[in-house]
1. Mind sorting Asp187, Asp41 by how few other Cβ atoms lie within 10 Å of their own Cβ, fewest first?
2. From the convex hull of the Cα coordinates of region 154-214, what is the mean projected area in square nanometres?
3. What list do you get for Lys78, Lys202, Lys192, Lys37 if you sort them by fewest beta carbons within 10 Å?
4. Using the per-residue mean of other Cβ atoms lying within 10 Å as a proxy for protection, in what order, highest first, do the peptides 142-154, 163-175 fall?
5. Under 17 Å between alpha carbons, and skipping anything fewer than 8 positions from Lys192 in its own chain: which aspartates and glutamates qualify?
Amino acid sequence: MAQSVVEPVPNLDLGPSAIGCAVLLTILFTCLLAFLKVARDSQASARACVGWPFVAYVLIFLIGNTVTTILAVPLVVKALPPVLSSWFPLFFAFSGVFAFQGVLAKANITFYGNGVLTIEEWIALARDHAVESAAQRQSAREHATTITWAHSLQQLPPEVLNTYLVHYLSQETVLESEERARATGADPHFYKALRLATEKPKEAQAIVASHPSTTPQLPPTA
């Protein structure tokens with residue numbers, strides 16, 4: 001029976017600097033990939049995405065990616081020619097983050113011999129929490145911005161604010177808003193400003209910007 005011959009891995013002196021560089025690149029790739037996933041799923045701004053839940057997600061994600069990066073080292077060294085040795089850290093990190101996720105997908109975390117969750121499930125839980133947190137922060141930021149714009153629009157003279165309401169919404173909106181505010185004891189002028197800021201946020205932002213006397217200190221949105 002023919003014996004299989006195992007090809008030896010090329011004896012390259014990678015040194016700790018190559019592995020360290022690969023780990024740094026893995027951290028960079030992991031942070032970028034985690035941010036893109038949270039931003040895509042939450043539809044939130046960059047500022048809203050970053051928080052403690054996001055940090056926890058990156059750390060858990062990074063554990064798996066670091067392990068797979070280290071596991072990828074002998075495979076990459078064997079597959080690539082020595083002439084590319086200076087690029088090996090990049091290939092290690094790229095392979096660990098993007099091509100070896102399946103290595104840990106079935107790896108269970110056990111407690112006294114009982115399976116708890118796979119690494120993949122832990123990452124999914126952390127990602128879902130980070131996405132939910134980002135969406136909540138984005139919603140709170142948008143509400144705060146709307147209220148800020150409404151207070152700024154309130155500084156406009158009544159006839160000017162009514163003109164904008166008629167133009168961007170309708171004459172019925174002005175009459176309906178005034179009637180509803182009087183019926184509930186609310187401030188008609190502020191109620192109309194709040195309605196314009198809520199229903200036409202882009203237009204409200206443009207109006208505030210075109211009236212320097214009403215320009216507020218808006219909460220950061222980027």
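Values in this text are rule-based calculations from the coordinates and carry no lab data. Every value quoted in this text rests on a predicted model; they were computed, and no experiment measured them. FYI the Cβ positions are ideal-geometry reconstructions off the backbone, even for glycines, and counts take in every protein chain you see.
1. Listing Asp187, Asp41 from fewest to most nearby Cβ atoms yields Asp187, Asp41.
2. 3.7 nm²
3. Arranged by neighbour count, lowest to highest, Lys78, Lys202, Lys192, Lys37 become Lys202, Lys78, Lys37, Lys192.
4. Most protected by this proxy first, the peptides run 142-154, 163-175.
5. Result set, ordered by chain and number: Glu159, Glu172, Glu176, Glu178, Glu179, Glu203.
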